[in-house]
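J.: After the structure tokens below, expect a handful of questions from me.
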Amino acid sequence: MYNRRKFLKISAAGASIIAVSKSAFAKSINKTTTPVLPIVISTWNFGIQANQEAWKTLSTGGRSLDAVEAGVKIPEADMKNHTVGRAGYPDRDGHVTLDASIMDEFGNCGAVAAIEYIAHPISVARLVMEKTPHVLLVGEGATQFAVEQGFKKEDLLTPESKAAWQEWLKTEKYAPVIDIENKQEVPGDHHNHDTIGMLAIDAKGNISGACTTSGMAFKLRGRVGDSPIIGAGLYVDNEVGGATSTGVGEEVIRNAGSFLVVELMRQGYSPEDACKEVVNRIIKKKPDTAKQIQVGFLAINKKGEHGAYAIQKGFQYAVCNQDTQDTLINGKSFYNL
Ligand code: SD4
């Protein structure tokens, strides 16, 4: 994952923007101007590298669907990333089960939930979309479909994940940790949440999105979060924009979160205001729960304007287009402690 010490903080209109400077030169973005298309945005700091992979497709005139699939495969393959893909932490019984969804500019979508033994669930989700009449395959059926499509079956439980799980078994304390991407690695701090959600607009102006995660660490066997649920963890409407989410998926599902963000943008809300409205609804319904958890939404509209909003401080998203290849933006939040 990205080394946070390389970050250089700069200020910009309306938002705190952090440019990750490989060359020691930080870039300043004027957030008030409409970004140049194509563009790709994604959740958390691991989104920087994922965006750069997606950019290879977008910058050469490729389709946003290909870009988002290629982009999110980077954290899916990252052996140090215990919240997405092949090195994800297991459920409470020691099984690594993954969730992913993808959606294109035509409203086509595909997803897999609680899939096991397959390192790239996003690519299986795409094939569910393209090769079956269905939207969502789960569990053994999803794995069977993947194998039939030529995916390799692998044991995904890494030695590090196994050690963390065995450590967790000593207490079996189930407590979602807030904003793990901003925390230092602490032994026993179980990196419960972090999903990559990615939204891209290609040179033709078409929007696609992808979302992939290992879900809550040490979750109940069979638990499925928001990420593979179309309208919850991901939603795209090519006339309006797209949205994706991260955090405690149960609250996102309860509020049909990403669908609602897109519908609010349809009514004229800015991406950030749309995300904020949905976060506020989650807080209003369960104020006591909301104090303890993180939920964040990320959105982009048809013009390429983007924004985010979260319950807790610390939700960041990465932006990549012709002007900036490596920018991290601090999303605003309800609680600012
Ligand atoms: C889930 N939303 O399974 C995912 C996890 C996540 O940041 O986003 N973590 O509930």
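J.: Can you pick out the pairs among 162/219; 276/332; 73/152; 204/303; 73/276; 173/285 whose Cα atoms lie more than 18 Å from each other?
T.: 73/276; 173/285
J.: Taking θ = phi - 60°, what integer Hz values does the Karplus form 6.51 cos²θ - 1.76 cosθ + 1.60 yield along region 236-246, in sequence order, with x for Gly and Pro?
T.: Values, residue by residue: 9, 10, 4, 7, 10, x, x, 8, 8, 9, 9 Hz.
J.: Right, next: Would you mind counting up the charge near residue 62? Only other residues with Cβ under 14 Å from its Cβ, with Lys and Arg at +1 and Asp and Glu at -1.
T.: -3
J.: Enter the Cα centre distance for the pair region 277-335 and region 92-119, rounded to the nearest angstrom.
T.: For region 277-335 versus region 92-119, the Cα centre distance is 22 Å.
J.: Rounding to the nearest 20 debye, state how big the charge dipole of region 37-333 is about its Cα centre with +1 on each Lys and Arg Cβ and -1 on each Asp and Glu Cβ.
T.: Dipole magnitude for region 37-333 comes out near 500 debye.
J.: Return the loop-located GluC sites (Glu not before Pro) in region 237-337 (DSSP other than H, G, I, E, B) with at most 16 other Cβ atoms within 10 Å of their own Cβ; answer none if there are none.
T.: 239
J.: If you don't mind, there's one more thing I want to ask. Could you give the length gained by full extension between residue 148 and residue 322, i.e. 0.36 nm per residue of separation minus their alpha carbon distance, to one decimal place?
T.: So the extension gain works out to 58.7 nm.
Quick note: the coordinates plus some simple rules give every number you see, no bench work behind them. Here the structure is a predicted model, which means the values were calculated and not measured. Methodologically, a virtual Cβ is constructed for each residue, glycine included, from the backbone with ideal geometry; neighbour enumeration extends over all protein chains shown.
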